[in-house]
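Here the structure comes first, spelled out in structure tokens, and everything after it is commentary.
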Amino acid sequence: MSLESSPPLVQIAGLSVCLGGKPVLVDISFGICAGEYMVVVGPNGAGKTTLLRCLVRILRGEGSIAIEGRPLESYRQRDLARRVAYVPQVGNWTAPYTVEQFVAMGRYPHLSPFSSLALEDRRAVREAMERTRTVQFAGRMLETLSGGERQQVGIAAALAQGAQLLLLDEPTTFLDYRHQAEVLALLREANHQAGVTILAVTHDLNHAALEADRAVALRDGKIAFRGTATELMRADVLRRIYATDLLLVEHPATPVPVVVPQAPR
């Protein structure tokens, strides 16, 4: 079954959010199909992170969000966490735990109060660490890891959580090229091999063009574009989103163009 013909895993309808009396999201509506890789792009302050925070109920607004056809507000937090995992922007976040302890915390939605990890939980933690190639860091404290390594650990914890939908806020920001490639490869594997649905906020248009099935672009809190990643990478579309001209060139390995820096005039 194609993604287009599948019932949406997530349906957002008329979502509007005001913060400090200022509209941040205005009448946002779109769906995300199970197994899809979708990106949200747009300039700074467009409302991208606010959108993710609404999907995990950190923020609330007007309109509706449904997951598996059920209103978001009807889920108990533990049940929601079995379906949705959130990996915030890497920044400088740390916690006083080893990597293995931190990844194991991803199993909390599946545990009863005061219970310890069962064999199934330990297996899920191990598989998540193997998939994200973080087993080598198991005994290290989070604070000793680089930003790229911490991002891998954050994804490992989300995968251990066993959620169908993975939300990521700027998964490659602040990372060098090697760690960017590693994180994108992890997401690709999770999507293609494990069937995890991905919604990623990114400033990296090339990430959107080369990895995603579809893209949504926000500008001033409103949807400025919605379509395939290939349709996104057109000069007139990007000009409408970013209010500036971007230089597009042919990619040597795919038919999708990519953005490159323009030489100063």
Within the stretch 215-238, work out how many residues are over 23 Å from THR50 (Cα atoms) and surrounded by fewer than 16 Cβ atoms within 10 Å (Cβ to Cβ). 5
Being crowded, with 18+ Cβ neighbours inside 10 Å and of a type in the set (S, T, N, Q) is the filter here, so list the residues in the stretch 131-163 that pass it. THR132, THR134, GLN151, GLN152, GLN161
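On the basis of being buried (at least 22 other Cβ atoms within 10 Å of the Cβ) and farther than 23 Å from GLN152 by Cβ, does ALA208 make the cut?
Details: buried (at least 22 other Cβ atoms within 10 Å of the Cβ): yes; farther than 23 Å from GLN152 by Cβ: no.
Criteria not met by ALA208.
Residues being over 13 Å from the mean Cα position of the chain (by Cα) and at negative phi: count how many of those fall in the stretch 55-87. Walk me through it before giving the result.
The first filter runs over the stretch 55-87 and keeps only residues over 13 Å from the mean Cα position of the chain (by Cα), leaving 57-83.
Within this subset, residues satisfying the condition of being at negative phi are 58-62, 64-67, 70-83.
Result for the stretch 55-87: 23.
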The one condition in (1) within 28 Å of GLN11 (Cβ to Cβ); (2) at pLDDT below 95; (3) out of contact with any helix residue (DSSP H, G or I) (no Cβ under 6 Å at 6 or more places or on another chain) that LEU186 fails to fulfil: (3)
Can you tell me which residues in the stretch 1-43 are modelled with pLDDT of 95 or more and part of a loop (DSSP other than H, G, I, E, B)? ALA34, GLY35, GLU36, GLY42, PRO43
Sole miss for ALA85 among (1) at pLDDT below 95; (2) buried (at least 19 other Cβ atoms within 10 Å of the Cβ); (3) not charged (D, E, K, R) is condition (1)
Examine the stretch 175-193 for a residue that is closer than 17 Å to GLU36 by Cα and β-branched (Val, Ile, Thr), and state whether such a residue exists. no
Given (1) in contact with a helix residue (DSSP H, G or I) (Cβ under 8 Å, 6 or more places away or on another chain); (2) buried (at least 21 other Cβ atoms within 10 Å of the Cβ); (3) within 21 Å of ALA190 (Cβ to Cβ); (4) not polar (S, T, N, Q), number of the condition VAL56 does not satisfy: (2)
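Please pick out the residue among THR172, THR230 that is at pLDDT below 95, in a helix (DSSP H, G or I) and over 16 Å from ALA128 (Cβ atoms).
Details: THR172 fails: in a helix (DSSP H, G or I).
It is THR230.
Looking at the stretch 109-125, which of its residues are farther than 22 Å from VAL10 by Cβ and surrounded by 16 or more Cβ atoms within 10 Å (Cβ to Cβ)? Walk me through how you get there before you give the answer.
Step one: of the stretch 109-125, the residues farther than 22 Å from VAL10 by Cβ are 111-125.
Of everything in the stretch 109-125, those that are farther than 22 Å from VAL10 by Cβ and surrounded by 16 or more Cβ atoms within 10 Å (Cβ to Cβ) turn out to be ASP121, ALA124, VAL125.
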Condition (residue is surrounded by 15 or more Cβ atoms within 10 Å (Cβ to Cβ), of a type in the set (Ser, Thr, Tyr) and closer than 17 Å to ALA217 by Cα) applied to the stretch 17-36: is it met by at least one residue? no
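The values are calculated or read from the model by the stated rules, or taken from the named source; none is laboratory data. Here the structure is a predicted model, which is why all the values come from computation and not from measurement. Glycine gets a Cβ as well: all are built from the backbone with ideal geometry, and neighbour counts include every protein chain shown.
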